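The values are calculated or read from the model by the stated rules, or taken from the named source; none is laboratory data. As the structure is a prediction and not an experimental result, all values here were calculated from the model. Heads up, the Cβs are rebuilt from the backbone with ideal geometry, glycines too, and the neighbour counts pull from every protein chain shown.
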Amino acid sequence: MEEDLSTKKPAASTQDAAQRPGRPALSADSGSPDPKNSIRPSRRRARAATKPAQFRESDAAKSTGDRARDAASTTATAQRLIPDHIRKRFIQVGHRYHFSDGAHAFTDRGARLVTSSENTEVVKSLIAIAEARGWQAITVSGTERFRKEAWVAATAAGLKVRGYSPSEFERAHLARKLSREAAAAAGVEEPSADSGTGRSANNRHDRDRLKGPITGRLIDHGVAAYRHDPHEPMSYFFKIETPQGEREIWGVDLKRALMESLTQPKIGDEIALRAIRRDTVTVRETERDAAGKVVGQKPLDTHRNRWIVERQEFFAERAAAARTLRDTSVDPRQAARRHPELVGTYLQMHAAQIAARHLRDPQDQEKFVSLVRTALADAVARGEPLPPVRLKEKAPALTPTPDAIKREEAPAR
């Protein structure tokens, strides 16, 4: 497990931190961020302008309807109304709701729903509660990721949101997402290949990921608790938009892959991710009791993927280079001029051809060179780092010593 190293800043008071929008307050005893994200109904803003007399009757009727809705909303909030499917999803202990493993999901404070999680399903549950209680407009606070997820879920449910200002890209992405969901509900789109459930579907998904790149439009990425669960260790994620919907890819190595990326993808770019290797690692798994309290740790043998993250055109260029390398009729010099990145690879091919001369059978020589060519071409197509070209350094000229000069000038005997 890798540590997330960050620069520490001087701690501020809880009151000062609470006044900064989007920043969680600091706990007084530990100085660490208080991970409370919240959703509450927005207060109605008073109308300052005075309207003409002819509109007062209709306004009075609207005001009566608004008061009735507000009264119903207040009653639902006071009664802490929770939809049945939310009650079945979580375990209730007082006003706190937990996952089946005991981890805390959220707390119902009546007029405020509070959570330390950024999990998408938890956020959707909070929005469903707000909708059931008649909160037509909500105010969100907490981490940027939580506020963004709440804006997405609330906007999709038809609620007005304060506390988050989406970018134009996020608005366009949400519009495409809602359009896709509406089309799917109408039966326009066919079920995706990833719609299977169960362990066999997950294993098939893992095998497919290792075979080919995962492609889509980059929506978001960053360091976060695994699956946005505050009880899980820190990891790194990429969220992409695909024709089948949104998809999140998690992996500690994704952070390194992005830093070392040759194309440096940005939000909104069409990207491709490929797991090129699986390394066996041992991590420390946290053990919890029924209440969700940490009681210990145990070693766990697992696998960690090594990733490549690039823009999609990078893999298209690599595929063309791999086809050139596989074509034995192409002269290496012409291939290197067409694809300068293959110079080091062709040097490896030349070394393989020299090594093959030690084999007596010509067929064995040809087979050996063919296997090396195929392996190198596959590595090029996968996007793996290409071998560098090592230039020979000239041997430094030796400066003659004075005694040597005298010996050279002396007449031979």
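Among the conditions (1) in contact (Cβ under 8 Å) with a residue 40 or more places away in the chain; (2) surrounded by 12 or more Cβ atoms within 10 Å (Cβ to Cβ), residue 346 misses just one, which is (1).
Looking at the range 114-128, which of the residues that are in a helix (DSSP H, G or I) and under 17 Å from the mean Cα position of the chain (by Cα) is nearest to residue 224 (Cα to Cα)? Applying the filter and picking the extreme gives 120. Could you check, for the range 305-328, whether at least one of its residues is part of a loop (DSSP other than H, G, I, E, B) and not acidic (Asp, Glu)? Scanning the range 305-328, I find at least one residue that is part of a loop (DSSP other than H, G, I, E, B) and not acidic (Asp, Glu), so the answer is yes. Filtered by the rule that a residue be in a strand (DSSP E or B) and closer than 30 Å to residue 170 by Cα, the range 269-287 gives 270, 271, 272, 273, 274, 275. Here's a check for you: in the range 79-100, which residue that is surrounded by fewer than 12 Cβ atoms within 10 Å (Cβ to Cβ) and part of a loop (DSSP other than H, G, I, E, B) is nearest to the chain's Cα centre (by Cα)? Within the range 79-100, the match that is nearest to the chain's Cα centre (by Cα) is 100.
Could you grab the pairs with beta carbons closer than 6 Å, sequence gap of 6+ or different chains, first residue in the range 142-161 and at negative phi and part of a helix (DSSP H, G or I), second one surrounded by fewer than 23 Cβ atoms within 10 Å (Cβ to Cβ) and basic (Lys, Arg)? Close Cβ pairs satisfying both conditions: 153/124. Scanning the range 101-125 for residues that are buried (at least 19 other Cβ atoms within 10 Å of the Cβ) and closer than 12 Å to residue 80 by Cα yields 108, 113.
Kindly indicate whether residue 299 is modelled with pLDDT under 90 and either assigned to a helix (DSSP H, G or I) or not small (Gly, Ala, Ser) (or both). Yes.
Scanning the range 329-367 for residues that are in a helix (DSSP H, G or I) and either among the aliphatic types (A, V, I, L, M) or in contact with a His (Cβ under 6 Å, 6 or more places away or on another chain) (or both) gives 335, 336, 342, 343, 347, 349, 351, 352, 354, 355, 356.
On the stretch given as the range 211-223, residues that are at pLDDT 85 or above and out of contact with any Gly (no Cβ under 7 Å at 6 or more places or on another chain) total 9.
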